[in-house]
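The values are calculated or read from the model by the stated rules, or taken from the named source; none is laboratory data. Computed from a prediction, not measured in an experiment: that's the story for all the values here. FYI the Cβ positions are ideal-geometry reconstructions off the backbone, even for glycines, and counts take in every protein chain you see. SASA here: full protein model, heavy atoms, side chains in, ligands and nucleic acids out. Shrake-Rupley method; radii C 1.70, N 1.55, O 1.52, S 1.80 Å.
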Amino acid sequence: MNKRIFLSPPHMGGNELSYIQEAFESNYIAPLGHNVDTFEAQIKSYTGAKYALALTSGTAAIHLALRVLGIKEGDEVMASTFTFIGSIAPILYERCTPFFIDSDTASWNLDPNLLEEELSHRASTGKKQPKALILTHLYGQCADVKRIATICEHYGVHLIEDAAESLGATYEGKQSGTFGKMGIYSFNGNKIITTSGGGMLVSDDEALISHARHLSTQARDNAPHYEHTEYGYNYRMSNIVAGIGRGQMEVLPERIERRREIFEYYRKAFSEVPEISFMPELKGSLGNRWLTTLILPEHLSPERIRLSLEEQNIESRPLWKPMHAQPLFHGTKGRLNGVSDMLFQRGICLPSGSSLSTDELEKITFHLKAVMAHN
């Protein structure tokens, strides 16, 4: 069988094992330790965020953001509908009510016009505003985050940036994840850099990160015994995992450069097929191109393409199924325009790992073109 080509496999940089070995030699195996401190410092230095907290996952980071921002049971939280369930699940953890906002065609991310329409309508009719907005930067591409942040500030809505997929992406030179009250990153196994599993919560508000840090270690009070005045979680990143993160941060710029090269390869390879369109990049932004995603001609089924590539042992994947279309959220309210539904029906993610060789890229495009030619 042909060697499998994965969608976005881990790509080690070289120093990860040495940092893990450091943790073994110091016997700091459990959460906390030099690797965790260094990894947090690297994220702060790279993104410009003043404070950072290393956690077990990006989902845990969103959950803590909701907690420390005072989001409580019964509150309403707006969110991008075109996203992964991990962006939305923490809303349910806190027994809050999600309200979904659809995408625009300019970025495929949350539509600022729809957001403003909804918040303006609520203001003019005296309807209660949501407590927060969870904005996803999809597939490593920035949303129109500056405008969205301005809208949220005007209406008193906390902005939480889900930059799980967009570490290294910038808007007007500013890193994604640093425009809102709080931001999160993910280091899951398929992300642009990985710690095998993990996440980071960032903010310029020291009090918020301090409270989140307290909650992430079971909310243990300062006492010689175990004293608790509120409940917390076991959300802290391990010192072993953080060692992988240290090594990965050293090669992040190279990974972004390679992912962007891969995107350009695909774009040029299909430049003569006018019915194909790739995920756009907003003016003034620079995405990390975590995944190369495209919209197929109407007569082509993404599932047929996926299965055809799978026969060649090439992994591909549909675009995210919108949250408002998920059975779990049947009947949930939102402001929708049909864009995310169209993207799901016609879109596909191509293999985009930074370790892809030219031969592998040629193989992928050859088979994709062959399938398209016979459909």
Practice task
Please work out if R289 is open to solvent by less than 30 Å² (accessible area, probe 1.4 Å), of a type in the set (K, R) and in contact (Cβ under 8 Å) with a residue 24 or more places away in the chain.
Solution key: yes
Practice task
Residues being hydroxyl-bearing (S, T, Y) and open to solvent by 20 Å² or more (accessible area, probe 1.4 Å): count how many of those fall in region 91-120.
Solution key: 4
Problem - Identity of the residue in region 351-366, part of a helix (DSSP H, G or I) and not charged (D, E, K, R), that ends up surrounded by the fewest Cβ atoms within 10 Å (Cβ to Cβ) - result: T358
Problem - Test for I244: is it in contact with a Pro (Cβ under 7 Å, 6 or more places away or on another chain) and among the aliphatic types (A, V, I, L, M) - result: no
Practice task
Starting from region 144-158, take each residue that is open to solvent by 10 Å² or more (accessible area, probe 1.4 Å) and list its partners that are of a type in the set (S, T, N, Q) and not in a helix (DSSP H, G or I), counting only C-beta distances under 6 angstrom and pairs at least six apart or across chains.
Solution key: Y155/Q129
Exercise for the section: Evaluate the following for L135: is it closer than 21 Å to T56 by Cα and open to solvent by 10 Å² or more (accessible area, probe 1.4 Å)? Expected result: no
Handout entry: Number of positions in region 173-223 that are more than 20 Å from R67 (Cα to Cα), part of a loop (DSSP other than H, G, I, E, B), open to solvent by 40 Å² or more (accessible area, probe 1.4 Å) and at pLDDT 95 or above
Key = 3
Exercise for the section: Check off (1) outside any helix (DSSP H, G or I); (2) of a type outside the set (A, V, I, L, M); (3) at pLDDT 95 or above for E257 and give me the number that stays unchecked. Expected result: (1)
Exercise for the section: Quick one: in region 129-160, of everything that is in contact with a helix residue (DSSP H, G or I) (Cβ under 7 Å, 6 or more places away or on another chain) and among the charged types (D, E, K, R), which residue is nearest to S186 (Cα to Cα)? Expected result: D144
Practice task
Scan (1) open to solvent by less than 30 Å² (accessible area, probe 1.4 Å); (2) without any contact (Cβ under 8 Å) to a residue 60 or more places away in the chain for the single condition G247 breaks and write down its number.
Solution key: (2)
Problem - Any chance A79 is touching a Leu at 6+ places or on another chain (Cβ under 8 Å), crowded, with 24+ Cβ neighbours inside 10 Å and within 18 Å of R147 (Cα to Cα) - result: yes
Exercise for the section: Kindly indicate whether any position in region 151-168 is modelled with pLDDT of 95 or more, assigned to a loop (DSSP other than H, G, I, E, B), more than 17 Å from T47 (Cβ to Cβ) and not basic (K, R). Expected result: yes
Problem - Residue in region 311-350 that is most open to solvent (accessible area, probe 1.4 Å), counting only those that are under 12 Å from P98 (Cβ atoms) and either assigned to a helix (DSSP H, G or I) or in contact with a strand residue (DSSP E or B) (Cβ under 7 Å, 6 or more places away or on another chain) (or both) - result: K333
Exercise for the section: Could you please tell me which pairs satisfy a Cβ distance under 9 Å, a separation of 6+ or placement on different chains, a first residue in region 19-32 that is modelled with pLDDT of 90 or more, and a second residue that is among the β-branched types (V, I, T) and outside any helix (DSSP H, G or I)? Expected result: A23/I29
Exercise for the section: Read through the list (1) surrounded by fewer than 22 Cβ atoms within 10 Å (Cβ to Cβ); (2) in a helix (DSSP H, G or I), then give the number of the only condition that F263 fails. Expected result: (1)
Handout entry: Residues being of a type in the set (A, V, I, L, M, F, W, C), farther than 27 Å from I88 by Cβ and either in a helix (DSSP H, G or I) or within 23 Å of the chain's Cα centre (by Cα) (or both) - total across region 1-47
Key = 8
Problem - Residues of region 261-318 satisfying the condition of being of a type in the set (K, R), in contact with a Phe, Trp or Tyr (Cβ under 8 Å, 6 or more places away or on another chain) and over 25 Å from R147 (Cα atoms) - result: R267
Practice task
Specify the residue that is nearest to C152 (Cα to Cα); the eligible residues are those in region 91-114 that are without any contact (Cβ under 8 Å) to a residue 40 or more places away in the chain and assigned to a helix (DSSP H, G or I).
Solution key: P112
Problem - Residue that is most open to solvent (accessible area, probe 1.4 Å) [pool: residues in region 48-69 that are under 17 Å from T194 (Cβ atoms), of a type outside the set (A, V, I, L, M, F, W, C) and assigned to a helix (DSSP H, G or I)] - result: T59
Exercise for the section: Among the residues of region 231-244, write down those that are open to solvent by less than 60 Å² (accessible area, probe 1.4 Å) and free of Cβ contacts under 8 Å to residues at least 40 places away in the same chain. Expected result: G232
